[in-house]
Amino acid sequence: MTDSTPPSPSPDDRTADQSTSPATNQTADQSTSPTTNRTTDQGASPATNRTTDQGASPATSEGAAPRPGWRRALAAVGRRWPTWLALAWAAFSLSDVGNGLEYTIVFVVPAAGYLFLAVADRRRITWAVVLAALATVVLLRVLGIDPGPPLALTVITLAALGLINGRLRGPRMYALQTPGALAFIAYGLLVISVPPVAGGFLVAAGLLGHAAWDAYHWRADKIVARTFAEWCGMLDLTLGLGLLVILLTRT
């Protein structure tokens, strides 16, 4: 009977197997370990990119010649165009001023404009609203209609609308629009209810007060465009001071 049991490995075979044990594979793996890849990656590390970026840094623009002084001065003057426009307008208006009561409309038109922009909450249309308001005043006068009452009614309507929809009951700047507009309307009524001489001085004082109102909005940079606040403030200030000087020299 033949023995089918497989022969057990001899000690020499086990020694040979151990000589080719996984340690050899580990050594081979270590020889091709990720160190080589890391070294390769480090060779193309972001340091090269940083060096390249630094070589193309904005330092080359530092050698560019600065703009001439006259161009910087011209740019600074150009940024103040609302002031120069206001000064030119005031000089033209004061050259043929009467008793000052003709400036009473200044209390009504800005009040309507400020309220409309606060209710609409669209600062970018400030100058369009201003031009529309001025065109309305001119049209009413051409038709022989006093623009004061219609604009005052517009102010009251806008105030009621803003309070109903909550726009004028919001943050402080918006909440101040209604009492501010109504205060200037009431001040205008006071001006036309006193003798013309006293009314002229009240107009001058009211213009200076409205200049402060414009300056407040210019500083806060809300409700209206800042360019309009600058223009309106400088116009009110120049008209108020100019009218005051003219009235004092006439007395």
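Based only on Cα atoms, what Rg/Rh ratio does region 68-110 have, Rh being taken as Kirkwood's radius?
1.22
What is the local net charge at Val129, summed over the other residues whose Cβ is closer than 12 Å to its Cβ (Lys, Arg +1; Asp, Glu -1)? The partial results should precede the final answer.
On the way: positive: Arg122, Arg123, Arg124; negative: none.
Value of the local net charge: +3.
For region 115-239, which semi-axes, largest first and in whole Å, follow from the square roots of 5 times the eigenvalues of its Cα gyration tensor?
Equivalent-ellipsoid dimensions as semi-axes: 23, 18, 16 Å.
Run the numbers for Trp127 and Asp221: contour at 0.36 nm per residue of separation, minus the present Cα-Cα distance, in nm.
Details: separation 94, 0.36 × 94 = 33.84 nm, distance 1.50 nm.
The span from Trp127 to Asp221 would gain 32.3 nm if fully extended.
Modelled label-to-label distance, Leu163 and Ala75, 7 Å Cα→beta-carbon offset: nm?
4.9
Every read-out reported here was derived from the displayed coordinates using simple, explicitly stated rules and does not represent laboratory data. The model shown is predicted, which means the values in this text are computed figures rather than measured ones. Every residue, glycine as well, gets a Cβ built from its backbone with ideal geometry; the counts of neighbours run over all protein chains shown.
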